[in-house]
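Asker: Just passing along the structure, written as C-alpha coordinates.
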Ligand code: GAR
(Lines give C-alpha, C1' and ligand atoms only; values in the text may rest on other atoms or scores of the structure.)
Protein backbone atom coordinates (compact mmCIF):
# COMPACT_ATOMS: atom_id res chain seq x y z
CA UNK A 1 0.00 0.00 0.00
CA UNK A 2 1.25 3.46 -0.89
CA UNK A 3 0.75 5.74 2.06
CA UNK A 4 -0.49 9.28 1.42
CA UNK A 5 1.81 12.05 2.61
CA UNK A 6 -0.09 13.94 5.26
CA UNK A 7 0.46 17.20 7.09
CA UNK A 8 -1.08 17.78 10.51
CA UNK A 9 -1.81 21.35 11.61
CA UNK A 10 -1.83 22.00 15.34
CA UNK A 11 -2.00 24.90 17.77
CA UNK A 12 -1.76 23.31 21.20
CA UNK A 13 -1.55 20.11 23.16
CA UNK A 14 -1.43 17.82 20.13
CA UNK A 15 -3.02 14.75 21.68
CA UNK A 16 -4.84 14.02 18.40
CA UNK A 17 -1.55 14.44 16.58
CA UNK A 18 0.10 11.97 18.95
CA UNK A 19 -2.72 9.52 18.33
CA UNK A 20 -2.49 9.89 14.54
CA UNK A 21 1.28 9.40 14.66
CA UNK A 22 0.78 6.20 16.56
CA UNK A 23 -1.81 4.91 14.03
CA UNK A 24 0.30 5.96 11.07
CA UNK A 25 3.17 3.78 12.24
CA UNK A 26 1.04 0.77 11.34
CA UNK A 27 1.82 -0.47 7.81
CA UNK A 28 -1.82 -0.82 6.85
CA UNK A 29 -2.88 2.65 7.99
CA UNK A 30 -3.35 4.74 4.80
CA UNK A 31 -1.30 7.80 5.74
CA UNK A 32 2.21 8.77 6.70
CA UNK A 33 2.67 11.95 8.71
CA UNK A 34 5.29 13.75 6.68
CA UNK A 35 5.01 17.24 8.12
CA UNK A 36 3.63 19.04 11.15
CA UNK A 37 2.72 22.72 11.08
CA UNK A 38 2.08 24.77 14.18
CA UNK A 39 0.98 28.38 14.37
CA UNK A 40 2.04 28.44 18.00
CA UNK A 41 5.71 28.25 18.95
CA UNK A 42 4.76 27.00 22.40
CA UNK A 43 2.43 24.22 21.22
CA UNK A 44 3.16 21.13 23.31
CA UNK A 45 2.39 19.01 20.22
CA UNK A 46 5.71 20.06 18.67
CA UNK A 47 7.34 17.66 21.14
CA UNK A 48 5.76 14.74 19.28
CA UNK A 49 7.33 15.96 16.04
CA UNK A 50 10.69 15.98 17.78
CA UNK A 51 10.18 12.65 19.50
CA UNK A 52 9.15 10.86 16.31
CA UNK A 53 11.58 12.78 14.09
CA UNK A 54 8.87 14.22 11.88
CA UNK A 55 9.71 17.49 10.08
CA UNK A 56 7.89 20.42 11.63
CA UNK A 57 7.61 24.12 11.02
CA UNK A 58 6.32 27.05 12.93
CA UNK A 59 4.22 29.50 10.96
CA UNK A 60 3.85 33.05 12.18
CA UNK A 61 0.31 33.88 11.12
CA UNK A 62 0.97 37.55 11.79
CA UNK A 63 3.47 37.69 8.96
CA UNK A 64 2.27 38.75 5.52
CA UNK A 65 1.50 35.97 3.00
CA UNK A 66 2.16 33.27 5.55
CA UNK A 67 -0.09 30.87 3.66
CA UNK A 68 2.24 31.08 0.66
CA UNK A 69 4.99 29.79 2.91
CA UNK A 70 2.70 26.93 3.93
CA UNK A 71 1.99 26.15 0.25
CA UNK A 72 5.70 25.84 -0.45
CA UNK A 73 6.16 23.37 2.36
CA UNK A 74 3.10 21.35 1.34
CA UNK A 75 4.52 21.09 -2.18
CA UNK A 76 7.99 20.24 -0.91
CA UNK A 77 6.65 17.33 1.13
CA UNK A 78 4.16 16.28 -1.59
CA UNK A 79 1.26 16.54 0.83
CA UNK A 80 -2.05 15.12 -0.35
CA UNK A 81 -4.02 15.24 2.91
CA UNK A 82 -4.16 17.95 5.59
CA UNK A 83 -5.52 17.08 9.03
CA UNK A 84 -6.52 19.96 11.27
CA UNK A 85 -6.05 18.66 14.78
CA UNK A 86 -6.84 21.46 17.19
CA UNK A 87 -5.63 24.10 14.71
CA UNK A 88 -7.30 27.24 16.00
CA UNK A 89 -6.78 29.50 13.00
CA UNK A 90 -9.21 30.11 10.16
CA UNK A 91 -7.93 28.95 6.78
CA UNK A 92 -8.40 31.34 3.86
CA UNK A 93 -10.74 30.67 0.94
CA UNK A 94 -7.75 30.69 -1.39
CA UNK A 95 -6.14 27.94 0.62
CA UNK A 96 -9.33 25.89 0.72
CA UNK A 97 -9.73 26.24 -3.05
CA UNK A 98 -6.19 24.99 -3.62
CA UNK A 99 -6.66 21.94 -1.40
CA UNK A 100 -10.39 21.33 -1.82
CA UNK A 101 -11.45 17.90 -0.62
CA UNK A 102 -8.03 17.34 0.93
CA UNK A 103 -8.44 19.18 4.23
CA UNK A 104 -10.22 17.51 7.12
CA UNK A 105 -10.93 18.80 10.61
CA UNK A 106 -11.94 17.31 13.93
CA UNK A 107 -14.49 19.31 15.88
CA UNK A 108 -15.66 18.68 19.47
CA UNK A 109 -19.42 18.61 18.86
CA UNK A 110 -22.06 16.85 16.84
CA UNK A 111 -22.10 19.25 13.90
CA UNK A 112 -24.08 21.12 12.67
CA UNK A 113 -24.72 21.79 16.34
CA UNK A 114 -22.24 23.97 18.25
CA UNK A 115 -19.98 25.23 15.51
CA UNK A 116 -17.10 27.43 16.62
CA UNK A 117 -15.56 27.80 20.06
CA UNK A 118 -16.58 26.98 23.65
CA UNK A 119 -18.69 24.02 22.57
CA UNK A 120 -18.93 22.37 26.00
CA UNK A 121 -20.10 25.40 27.97
CA UNK A 122 -22.73 26.11 25.33
CA UNK A 123 -23.95 22.49 25.41
CA UNK A 124 -24.33 22.58 29.19
CA UNK A 125 -26.09 25.92 29.08
CA UNK A 126 -28.88 24.60 26.85
CA UNK A 127 -28.99 21.23 28.67
CA UNK A 128 -28.04 19.31 25.57
CA UNK A 129 -28.63 15.56 25.84
CA UNK A 130 -25.81 14.34 23.62
CA UNK A 131 -22.22 15.39 22.95
CA UNK A 132 -19.58 13.99 20.66
CA UNK A 133 -17.18 14.79 17.87
CA UNK A 134 -17.28 15.20 14.11
CA UNK A 135 -14.64 14.68 11.46
CA UNK A 136 -15.54 16.71 8.38
CA UNK A 137 -14.14 18.16 5.18
CA UNK A 138 -13.19 21.80 5.42
CA UNK A 139 -14.97 24.24 3.15
CA UNK A 140 -15.45 28.01 3.14
CA UNK A 141 -18.05 27.89 5.93
CA UNK A 142 -16.76 27.56 9.48
CA UNK A 143 -17.25 23.94 10.60
CA UNK A 144 -19.64 23.58 7.67
CA UNK A 145 -18.10 21.02 5.30
CA UNK A 146 -19.44 17.53 4.58
CA UNK A 147 -19.32 15.13 7.47
CA UNK A 148 -17.13 12.05 7.22
CA UNK A 149 -17.88 10.53 10.59
CA UNK A 150 -19.44 11.34 13.96
CA UNK A 151 -19.30 9.70 17.36
CA UNK A 152 -21.72 10.55 20.16
CA UNK A 153 -22.23 9.90 23.85
CA UNK A 154 -25.00 10.85 26.30
CA UNK A 155 -24.38 13.82 28.57
CA UNK A 156 -24.82 12.83 32.21
CA UNK A 157 -26.01 15.05 35.06
CA UNK A 158 -22.60 15.13 36.70
CA UNK A 159 -20.75 16.11 33.52
CA UNK A 160 -19.02 19.47 33.59
CA UNK A 161 -16.92 21.11 30.88
CA UNK A 162 -13.77 19.29 31.94
CA UNK A 163 -15.44 15.88 31.92
CA UNK A 164 -17.13 16.57 28.58
CA UNK A 165 -13.75 17.43 27.09
CA UNK A 166 -12.18 14.22 28.38
CA UNK A 167 -15.07 12.10 27.12
CA UNK A 168 -15.09 13.86 23.75
CA UNK A 169 -11.36 13.51 23.22
CA UNK A 170 -11.54 9.83 24.10
CA UNK A 171 -13.94 9.48 21.15
CA UNK A 172 -11.81 11.72 18.94
CA UNK A 173 -8.90 9.30 19.25
CA UNK A 174 -11.08 6.69 17.53
CA UNK A 175 -12.98 8.99 15.19
CA UNK A 176 -10.02 10.66 13.45
CA UNK A 177 -8.23 7.45 12.42
CA UNK A 178 -11.53 5.80 11.42
CA UNK A 179 -12.42 8.80 9.26
CA UNK A 180 -9.05 8.61 7.51
CA UNK A 181 -9.52 4.91 6.82
CA UNK A 182 -13.01 5.66 5.51
CA UNK A 183 -11.77 8.35 3.12
CA UNK A 184 -9.21 6.09 1.51
CA UNK A 185 -11.48 3.07 1.44
CA UNK A 186 -13.86 5.07 -0.74
CA UNK A 187 -11.11 6.32 -3.03
C1 LIG B 1 -9.62 18.75 20.03
O2 LIG B 1 -10.48 18.30 21.04
C3 LIG B 1 -10.41 19.27 18.84
O4 LIG B 1 -11.67 18.70 18.73
C5 LIG B 1 -10.51 20.73 19.14
O6 LIG B 1 -9.30 21.07 19.76
C7 LIG B 1 -8.84 19.95 20.50
C8 LIG B 1 -7.35 19.82 20.27
O9 LIG B 1 -6.79 18.93 21.17
N10 LIG B 1 -10.72 21.47 17.94
C11 LIG B 1 -11.47 22.55 17.85
O12 LIG B 1 -12.04 23.04 18.79
C13 LIG B 1 -11.56 23.13 16.47
N14 LIG B 1 -12.57 24.11 16.40
P15 LIG B 1 -5.35 18.33 20.93
O16 LIG B 1 -4.42 19.51 20.63
O17 LIG B 1 -4.99 17.66 22.21
O18 LIG B 1 -5.45 17.37 19.78
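Asker: Answer yes if at least one residue in the range 117-124 is surrounded by fewer than 19 Cβ atoms within 10 Å (Cβ to Cβ) and touching a strand residue (DSSP E or B) at 6+ places or on another chain (Cβ under 9 Å), and no otherwise.
Answerer: No, the range 117-124 contains no residue that is surrounded by fewer than 19 Cβ atoms within 10 Å (Cβ to Cβ) and touching a strand residue (DSSP E or B) at 6+ places or on another chain (Cβ under 9 Å).
Asker: Could you tell me which of the residues 90, 104, 96 is in a strand (DSSP E or B) and under 19 Å from residue 146 (Cβ atoms)?
Answerer: Answer to the selection: 104.
Asker: Right, here's the next one. Restricting the first residue to the range 164-175 and requiring it to be farther than 18 Å from residue 129 by Cα and at pLDDT 95 or above, which pairs with a second residue that is assigned to a helix (DSSP H, G or I) and near the ligand (Cβ under 9 Å from one of its atoms) meet a Cβ separation below 8 Å and a spacing of at least six or different chains?
Answerer: Cβ pairs passing all conditions: 172/16; 172/19; 173/15; 173/16; 173/19.
Asker: Restricting attention to the range 97-118, which residues are more than 17 Å from residue 84 (Cα to Cα) and either within 11 Å of the ligand (Cβ to nearest atom) or touching a helix residue (DSSP H, G or I) at 6+ places or on another chain (Cβ under 6 Å) (or both)?
Answerer: 114, 118 - these are the residues of the range 97-118 that are more than 17 Å from residue 84 (Cα to Cα) and either within 11 Å of the ligand (Cβ to nearest atom) or touching a helix residue (DSSP H, G or I) at 6+ places or on another chain (Cβ under 6 Å) (or both).
Asker: Let me ask you something else. Look at the range 1-10 and say how many of its residues are within 16 Å of residue 86 (Cα to Cα) and more than 7 Å from the ligand (Cβ to nearest atom).
Answerer: Of the residues in the range 1-10, 4 are within 16 Å of residue 86 (Cα to Cα) and more than 7 Å from the ligand (Cβ to nearest atom).
Asker: Scan (1) modelled with pLDDT of 95 or more; (2) surrounded by fewer than 17 Cβ atoms within 10 Å (Cβ to Cβ) for the single condition residue 85 breaks and write down its number.
Answerer: (2)
Asker: Could you tell me how many of the residues in the range 25-62 are closer than 22 Å to residue 184 by Cα and in a loop (DSSP other than H, G, I, E, B)?
Answerer: Within the range 25-62, residues that are closer than 22 Å to residue 184 by Cα and in a loop (DSSP other than H, G, I, E, B) number 6.
Asker: Here is a list: 162, 167. Which entry is in a helix (DSSP H, G or I), out of contact with any strand residue (DSSP E or B) (no Cβ under 8 Å at 6 or more places or on another chain) and within 13 Å of the ligand (Cβ to nearest atom)?
Answerer: 162
Asker: Out of all the residues in the range 119-143, which are away from the ligand (no atom under 12 Å from the Cβ) and in a loop (DSSP other than H, G, I, E, B)?
Answerer: 126, 127, 128, 129, 139, 140, 141
Asker: Hey, does the range 68-83 have a residue that's closer than 30 Å to residue 128 by Cα and within 15 Å of the ligand (Cβ to nearest atom)?
Answerer: Yes, because at least one residue in the range 68-83 is closer than 30 Å to residue 128 by Cα and within 15 Å of the ligand (Cβ to nearest atom).
Asker: Hey, another quick one. What single numbered condition from (1) farther than 19 Å from residue 175 by Cβ; (2) in contact with a helix residue (DSSP H, G or I) (Cβ under 7 Å, 6 or more places away or on another chain); (3) within 16 Å of the ligand (Cβ to nearest atom) fails to hold for residue 44?
Answerer: (2)
The values are calculated or read from the model by the stated rules, or taken from the named source; none is laboratory data. Please read these numbers as outputs of a predicted model, since none were measured by experiment. When we count neighbours, we look across all protein chains shown, and the Cβ atoms used for this are built from the backbone with ideal geometry, even at glycine.
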